[in-house]
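Scroll down for the structure; my scribbles are underneath it.
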Amino acid sequence: QVQLVESGGGLVQAGGSLRLSCVASGSRFMINVMGWYRQAPGKHRELVASISSGSSTDYAASVKGRFTISRDNAKNTVYLQMNSLKPEDTAVYYCKVGDVRTYWGQGTQVTVSS
């Protein structure tokens, strides 16, 4: 079973930055798409950013220009660089990866204070 380990969450003030990391281990297949989702209290989980095996990226309109997703295939790791953070970015952020199946991380809390 593929295991995902997330790190980098925390508490920052508005305008600050955080970098999330997610390491996937145990995959016996090539990892295709990797992405980050988030879920705020009382809200549905939403896509934040995704990146394909060919490094094509997609971003939610609310984060475009502020967040950057990247991946290191040699390390089976996906990153999310978050700049100019806003209070509305506060949520639990979940890593998602897929090979022949889909796997989810446990989530890491990001809190942005005003």
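In region 39-50, the residue that is farthest from residue 21 (Cα to Cα) out of those that are out of contact with any helix residue (DSSP H, G or I) (no Cβ under 9 Å at 6 or more places or on another chain) and part of a loop (DSSP other than H, G, I, E, B) is 42.
Selection of region 84-103 for residues being over 28 Å from residue 25 (Cβ atoms), part of a helix (DSSP H, G or I) and free of Cβ contacts under 8 Å to residues at least 60 places away in the same chain yields only 88. For region 73-83, the set of residues classified as at pLDDT 95 or above and either in a loop (DSSP other than H, G, I, E, B) or under 11 Å from residue 37 (Cβ atoms) (or both) consists of 80, 83, listed by residue number. Based on what the data block shows, is residue 84 open to solvent by 60 Å² or more (accessible area, probe 1.4 Å) and touching a Gly at 6+ places or on another chain (Cβ under 8 Å)? When the stated conditions are applied, residue 84 passes them. What is the residue count in region 15-38 for residues that are assigned to a strand (DSSP E or B), over 16 Å from residue 82 (Cα atoms), open to solvent by 40 Å² or more (accessible area, probe 1.4 Å) and not β-branched (Val, Ile, Thr)? Of the residues in region 15-38, 1 are assigned to a strand (DSSP E or B), over 16 Å from residue 82 (Cα atoms), open to solvent by 40 Å² or more (accessible area, probe 1.4 Å) and not β-branched (Val, Ile, Thr). The number of residues in region 51-83 being closer than 17 Å to residue 19 by Cα and in contact (Cβ under 8 Å) with a residue 24 or more places away in the chain comes to 13.
The values are calculated or read from the model by the stated rules, or taken from the named source; none is laboratory data. Model, not experiment: these values are computed from the prediction. Neighbour counts are summed over all protein chains in view; Cβ atoms, including those assigned to glycine, are modelled from backbone coordinates with ideal geometry. Note: areas computed on protein heavy atoms with side chains; ligands, DNA, RNA excluded. Shrake-Rupley method; radii C 1.70, N 1.55, O 1.52, S 1.80 Å.
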